[in-house]
């Protein structure tokens, strides 16, 4: 026997977080409110439920807001899969955001192959985003040599949040943005060809909305460091042990 008819309204966040409508999260984000009519029996169980949606009207979006929204969307849909064995075999770990320690997810710190499904990622050979860095863009890496590693150690990872079209950085010979300065807007396989007299960088400024990879050796080889927009007063700010940098390139292959 039906005792009552209840009408209520839920916020989008409460419905999504409660898991009441799996698969509808994208639709719900476009709605202002969600109304439901539920029929309840004597044991207070819901025996039927209908939903109606009210479309929201969004204000005009500026170019800056649009670019920021795109960056956030790319970041949310980043995905990487780590495999214990070579050629994508053995135990696997799927990651969709920052992961400070693989062992917290029940995965040993041994990775022999990787698939980057979307986004661009920086991986570290130690937990807590420490140790040697590896830049991985969309694609398949059947063994650890493919990401320029010397062993299968991998402890943490995070997606690169900057995804843009405007790249610019300033390179300084001295710490705290002093000494000789060179500006880059494109890939550079050998830094000294730009007129920079030394292979030592002690500080940099990264502008625009794109990320960069800096390498200790020419032609994008050797130990690498990933930098995004911001000021780096010393080589220690990009977690380097010395200021040696001889090649630099943009991060462009996100998808």
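Residues of the stretch 163-174 that are within 21 Å of residue 239 (Cβ to Cβ) and surrounded by fewer than 17 Cβ atoms within 10 Å (Cβ to Cβ): 170, 174. Based on this model, can you work out whether residue 248 counts as touching a strand residue (DSSP E or B) at 6+ places or on another chain (Cβ under 6 Å), part of a strand (DSSP E or B) and within 30 Å of residue 112 (Cα to Cα)? For residue 248, the condition - touching a strand residue (DSSP E or B) at 6+ places or on another chain (Cβ under 6 Å), part of a strand (DSSP E or B) and within 30 Å of residue 112 (Cα to Cα) - is met. Only one of the numbered conditions (1) at pLDDT 95 or above; (2) more than 15 Å from the chain's Cα centre (by Cα); (3) under 22 Å from residue 227 (Cα atoms) is not met by residue 123, and that is (2). Within the stretch 105-116, the set of residues being more than 19 Å from the chain's Cα centre (by Cα) and over 17 Å from residue 137 (Cα atoms) comprises 106, 107, 108, 109, 110.
Could you check, for the stretch 189-206, whether at least one of its residues is within 18 Å of the chain's Cα centre (by Cα), free of Cβ contacts under 8 Å to residues at least 60 places away in the same chain and either part of a loop (DSSP other than H, G, I, E, B) or surrounded by 15 or more Cβ atoms within 10 Å (Cβ to Cβ) (or both)? Talk me through it step by step, then tell me what you get.
Taking the stretch 189-206 and keeping what is within 18 Å of the chain's Cα centre (by Cα), we get 206.
Okay, now just the ones that are also free of Cβ contacts under 8 Å to residues at least 60 places away in the same chain, so 206.
Next, from what is left, pick out any that are either part of a loop (DSSP other than H, G, I, E, B) or surrounded by 15 or more Cβ atoms within 10 Å (Cβ to Cβ) (or both): 206.
Yes: the stretch 189-206 contains one or more residues that are within 18 Å of the chain's Cα centre (by Cα), free of Cβ contacts under 8 Å to residues at least 60 places away in the same chain and either part of a loop (DSSP other than H, G, I, E, B) or surrounded by 15 or more Cβ atoms within 10 Å (Cβ to Cβ) (or both).
Among the residues of the stretch 108-147, those identified as surrounded by 15 or more Cβ atoms within 10 Å (Cβ to Cβ), closer than 21 Å to residue 210 by Cβ and in contact (Cβ under 8 Å) with a residue 60 or more places away in the chain are 118, 119, 120, 122, 133, 134, 135, 137, 138.
The values are calculated or read from the model by the stated rules, or taken from the named source; none is laboratory data. Computed from a predicted structure; not experimentally measured. Heads up, the Cβs are rebuilt from the backbone with ideal geometry, glycines too, and the neighbour counts pull from every protein chain shown.
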